[in-house]
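First comes the structure, then the notes that go with it.
The values are calculated or read from the model by the stated rules, or taken from the named source; none is laboratory data. Because the structure is a prediction, the values reported are computed rather than measured. Cβ placement follows ideal geometry from the backbone for every residue including glycine, while neighbour counts extend to all protein chains displayed. What goes into the accessible areas is simple: the full protein's heavy atoms, side chains included, and nothing from ligands, DNA or RNA. Shrake-Rupley method; radii C 1.70, N 1.55, O 1.52, S 1.80 Å.
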Amino acid sequence: MYPGKHAQDHPDKAAVIMAASGEVITYQQLEDRSNRLAQRLWAAGLRPGDGVALLMENNPRYFEIFWAALRSGLYFTTINRYLTADEAAYIVNDAGAKAFIASAALAGTAAEMLPLVPDTTLRLMTDGAVDGFDGYEDAVAAFPAEPLAEQPRGEMMLYSSGTTGRPKGIRRPLAGLDISTGPGGVTALVDRLWGFSADSVYLSPAPMYHSAPLGFTTATQAHGGTVVVMERFDAVDALRYIDRYQVTHSQWVPTMFSRMLKLEPAERATLDGSTHKVAIHAAAPCPTEVKRQMLEWWGPIIHEYYGGTEINGLVICDPQGWLDHPGTVGRSALGIIHICDDEGNELPNGEPGLIYFEREQMPFAYHNDPEKTRQAQHPQHPNWSALGDVGYVNDDGWLFLTDRKSFMIISGGVNIYPQEIEDAMVMHPDIADVAVIGVPDKEMGEAVKAVVQLAEGVEGSPEREQELLAWTRERIARFKAPRSIDFIDELPRLPTGKLYKRILKDAYWGDNTSRIL
């Protein structure tokens, strides 16, 4: 289903509420605005299979642009708002987008991109245009709020976060269906797994350019529910919005849980949460103790899934499954899990290795990059694919994540996975965030170093370093513990929970192109 049906049945119902401002977009407004833009895109010569790229903060217009593309048979590509102009232009060009839409809030980056994206034939900017862009509002106002004569269903073409290299685009063939023909994959999934419906009020605290917030918010609208979008995450505000908007469903990343848990007791006590039935988390592994405390606070409403934009597999975990198997991310709901060593040999249960999902056929290909696609495939089984995560399964088929393969530290010939160390350290009340990396060491090859963002009001010092090192050694094996700590004002972590460890490591391994540290 798409919002046009809900505009007919409930035209005045809120499709979008911006959490801080309270601005409301009704289903009728969403329908009319997406139709006008679809007409504008058609008039500009875009046809099914062409692409629209969007650079925008969390903005109420995000959804009309999405649905305009989807009801025009176009590929819709979001751009991480924190990228540089060069990085963002790479995505626009790689996607082959003909339309480039940006917001005035990101006018600086957008304007710098213009000479780098010469193949974009339509350039629009919302909320006030700069040179090189047409004003979005005037450009679409001249077109009728009527559906196109034909409305083939488009697709999202999203890119990986690029935390370890160039972002990779996932482009799937168009299904050849009409926009009104049945639910899309995510729409059906959230209904079956988590009970989304027309009565759902979904809180999205994360940036819309990421696949999960975009997929879940638009699936909520496909059901006829209401989406509440936080302009930016704030731990106290998030609790207030749950009650203010009578939220039923939400989605989070573990760093958000950590920040809410470290609020003052009086701030945490403001949450009633009686309408809140399902809280979902994903995007990064959640420290066991963080999740345990969240379940104690919010009750058995916290669900988890593990998967990627590639949709090569899906693992899900309900609250009881996690309580029975603490630390698990769940059991497979899509694809058969295989754990393999570096040569592709399957490993016994309990032994960590690269996680592959087996499907009937390879479910994705990276756009314009057959080599990266090949690297994701198993060396003997081309229908098995991996995203680069390391983990193991127990005898009952429950999957446990160990870390990213690219993050593994080899110190004195011993494999050390930073995630375990980070999970322990982040529970210290003086630590707001932490990343553990390997740094050059003449004797060991690599030494374990922690880069720590201290809690507000806490100062770094040699004495603080020794205190935190001692605290950590009490909780993990001594050979895994960091040998040193560096303090940093803020870690290069995206609001999606993804950490740019590549940038951190570059600073220690002599790459002068690093933009952090």
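Below, the figures for the structure above:
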{"quantity": "Selected residue [without any contact (Cβ under 8 Å) to a residue 24 or more places away in the chain and among the acidic types (Asp, Glu)] from Asp119, Asp50, Asp12, Asp32", "calculated": "Asp12"}
{"quantity": "Candidate set: segment 64-92, residues that are part of a loop (DSSP other than H, G, I, E, B), under 15 Å from Pro213 (Cβ atoms) and not aromatic (Phe, Trp, Tyr); chosen: the one most open to solvent (accessible area, probe 1.4 Å)", "calculated": "Arg81"}
{"quantity": "Candidates Thr126, Thr181, Thr217 - the one that is touching a Phe, Trp or Tyr at 6+ places or on another chain (Cβ under 6 Å), surrounded by 14 or more Cβ atoms within 10 Å (Cβ to Cβ) and either of a type in the set (Val, Ile, Thr) or in contact (Cβ under 8 Å) with a residue 40 or more places away in the chain (or both)", "calculated": "Thr126"}
{"quantity": "Those residues of segment 243-256 which are at pLDDT 95 or above and farther than 18 Å from Leu193 by Cα, in sequence order", "calculated": "Asp243, Arg244, Tyr245, Gln246"}
{"quantity": "3 or more residues open to solvent by less than 50 Å² (accessible area, probe 1.4 Å) and in contact (Cβ under 8 Å) with a residue 24 or more places away in the chain: qualifying strands (runs of 3 or more DSSP E) within segment 376-466", "calculated": "384-393, 399-404, 431-441, 445-454"}
{"quantity": "Only listed residue being under 28 Å from Asp389 (Cα atoms) and among the charged types (D, E, K, R), chosen from Lys277, Lys291, Lys262", "calculated": "Lys291"}
{"quantity": "Unmet criterion (only one of (1) under 27 Å from Pro205 (Cβ atoms); (2) surrounded by fewer than 19 Cβ atoms within 10 Å (Cβ to Cβ); (3) in contact (Cβ under 8 Å) with a residue 60 or more places away in the chain) for Ala43", "calculated": "(1)"}
{"quantity": "Scan of segment 51-63 for residues that are in contact with a Leu (Cβ under 8 Å, 6 or more places away or on another chain), assigned to a loop (DSSP other than H, G, I, E, B) and open to solvent by less than 30 Å² (accessible area, probe 1.4 Å), ordered by number", "calculated": "Met56"}
{"quantity": "The one condition in (1) surrounded by 13 or more Cβ atoms within 10 Å (Cβ to Cβ); (2) in contact (Cβ under 8 Å) with a residue 40 or more places away in the chain; (3) farther than 28 Å from Trp252 by Cα that Arg475 fails to fulfil", "calculated": "(3)"}
{"quantity": "Residue pairs meeting the criteria (Cβ under 9 Å; at least 6 apart or on separate chains; first at positive phi and surrounded by fewer than 24 Cβ atoms within 10 Å (Cβ to Cβ), in segment 220-231; second among the hydrophobic types (A, V, I, L, M, F, W, C) and assigned to a strand (DSSP E or B))", "calculated": "Gly224/Ala15"}
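Yes/no per residue for (1) at pLDDT 95 or above; (2) out of contact with any helix residue (DSSP H, G or I) (no Cβ under 9 Å at 6 or more places or on another chain); (3) within 18 Å of Met256 (Cα to Cα):
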residue: Pro207; (1), (2), (3): no, no, yes
residue: Ser211; (1), (2), (3): no, yes, yes
residue: Thr220; (1), (2), (3): yes, no, no
residue: Val227; (1), (2), (3): yes, no, no
residue: Met230; (1), (2), (3): yes, no, yes
residue: Tyr241; (1), (2), (3): yes, yes, yes
